[in-house]
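**Student:** Shown below is the structure under consideration.
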Amino acid sequence: MVPDHFSRYCNRRITLMNRRPNTNEQTNMRANPNPTPPATDPRVRWGRPMAVAAAVVFFISSAFPVVAGLSKNTEAFPKWWGVLDVGIAFVVAFLAIVILALAQSNVDKQVEDASYRAYRILIHGIFAMLIVFFLFGDRIIWINCLTGFAWRAWLLLYCLPAWLAALKKGSGTDS
C-alpha cells in the first residue's frame, strides 16, 4: 500500500509541473521579446588570451633547457641567464595555475576528445627523445636539460585539457 501522504506529494508535483504560466508572465514575455543577454563571464573573456600567452611563454621557457643541454660550459653563461630561466619558469607555472582555475570547469566531452587526440600525438615526443638520445646523446649534456624537459612535459600534459577549454571558450564561437 502506498501511504496517503506520498500520493498527495506526487499529485502536488504533477500539478506544479503541468501548471501553465499566469497572464502576467505571458504579458511580460511579450512586452520584452529580446531581454538583455547576461553579462559575459570574465573567465570566458580572458580564456583565449591567457591560453595564447601561456603557450608563448611555455615555448620561450623551453628554449632554456635546449640551450643548456647543447652548451658544454654553462658556467660561461651570464648570471642573469639563470635568473631569467627561473623567472620565466615561475611565470609558466603561474599561468598554468590560472588556466586550471579558470577553465577546468569548462572541460567537456569535445575538449576531452581533443585532449586525447593531442595526447596520442604528443606521446611520440618520448620516442623522439629516445632517438635524439641514441643519435646525439654524446653531444648533449643531459644533466643540464633533462629536469627542464621533464617538468615542462609534465605541465603540458597535465594542463592540456584546461588549456584547450580556455582556448575554445574564449574564442567567441561558444557561449
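The values are calculated or read from the model by the stated rules, or taken from the named source; none is laboratory data. In this text the structure is predicted, and so the values were computed from the model without any measurement. As a convention, Cβ positions derive from the backbone with ideal geometry for all residues, glycine included, and neighbour counts pool all protein chains shown.
**Student:** Quick one: which residue in Phe149, Phe90 is modelled with pLDDT of 95 or more and assigned to a helix (DSSP H, G or I)?
**Tutor:** Phe90
**Student:** Can I ask one more? Of the residues in segment 46-85, how many are over 19 Å from Ile141 (Cα atoms) and not charged (D, E, K, R)? Reasoning before the result, please.
**Tutor:** Within segment 46-85, the first condition is being over 19 Å from Ile141 (Cα atoms), and the residues that meet it are 46-60, 79-80, 83-84.
Add one more test, that the residue is not charged (D, E, K, R), and what stays is 46-47, 49-60, 80, 83-84.
Total satisfying the criteria: 17.
**Student:** Can you tell which of Val91, Val132 is free of Cβ contacts under 8 Å to residues at least 60 places away in the same chain and in contact with a helix residue (DSSP H, G or I) (Cβ under 7 Å, 6 or more places away or on another chain)? First the steps, then the outcome.
**Tutor:** On the way: Val132 fails: in contact with a helix residue (DSSP H, G or I) (Cβ under 7 Å, 6 or more places away or on another chain).
So the residue among Val91, Val132 that is free of Cβ contacts under 8 Å to residues at least 60 places away in the same chain and in contact with a helix residue (DSSP H, G or I) (Cβ under 7 Å, 6 or more places away or on another chain) is Val91.
**Student:** Restricting to segment 82-92, name every residue that is surrounded by 15 or more Cβ atoms within 10 Å (Cβ to Cβ) and under 16 Å from Thr147 (Cβ atoms).
**Tutor:** Asp85, Ile88, Ala89, Val92
**Student:** Further, regarding this structure: Out of curiosity, is Val98 surrounded by 12 or more Cβ atoms within 10 Å (Cβ to Cβ), in contact (Cβ under 8 Å) with a residue 40 or more places away in the chain, assigned to a helix (DSSP H, G or I) and touching a Ser or Thr at 6+ places or on another chain (Cβ under 6 Å)?
**Tutor:** Judged against the criteria, Val98 is not a match.
**Student:** When you look at Ala114, is it hydrophobic (A, V, I, L, M, F, W, C) and either touching a residue at least 60 places away in the same chain (Cβ under 8 Å) or over 22 Å from Trp46 (Cβ atoms) (or both), yes or no?
**Tutor:** Criteria not met by Ala114.
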